[in-house]
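Working notes, beginning with the structure itself.
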Amino acid sequence: MDLLVVTIVLTGGPNGLCRVQQLAETEVLEKFTVAFYGQHMHFERTGRFEMVDGRELPVFQWIYNTAIAE
């Protein structure tokens, strides 16, 4: 399978986390995790879409965070 760039919108989570994220994936995932200041921020796909710069992007909602293990 070829990788493609998937752009998503994040809602919730900490201030300072970029709302629009680009991922190299084969498809739009159901869950997404991003590292942010020593924590993993976990997001889940909502089924909603949001218009950003003329594109309809899938929305992921923050659900919880965990510490990054060293």
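Here are the numbers for this structure:
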| item | result |
| --- | --- |
| Output for segment 55-70, where each listed residue is over 14 Å from the mean Cα position of the chain (by Cα) and open to solvent by 100 Å² or more (accessible area, probe 1.4 Å) | ARG55, GLU56, GLU70 |
| Total residues in segment 17-54, condition of a type outside the set (Ser, Thr, Tyr), part of a strand (DSSP E or B), open to solvent by 60 Å² or more (accessible area, probe 1.4 Å) and at pLDDT below 95 | 4 |
| Residue count for segment 2-16, restricted to those that are modelled with pLDDT under 90 and open to solvent by 60 Å² or more (accessible area, probe 1.4 Å) | 4 |
| Pairs with Cβ under 7 Å, 6+ apart, first in segment 45-64 and within 15 Å of LEU29 (Cα to Cα), second in a loop (DSSP other than H, G, I, E, B) and at pLDDT 95 or above | GLN61/GLY12; TRP62/GLY12 |
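The values are calculated or read from the model by the stated rules, or taken from the named source; none is laboratory data. The shown structure was predicted, so the numbers you read here are calculated from the model rather than taken from an experiment. We place every Cβ from the backbone using ideal geometry, glycine too, and count neighbours over all the protein chains shown. The accessibility values were calculated without ligands, DNA or RNA, using every heavy atom of the protein model including side chains. Shrake-Rupley method; radii C 1.70, N 1.55, O 1.52, S 1.80 Å.
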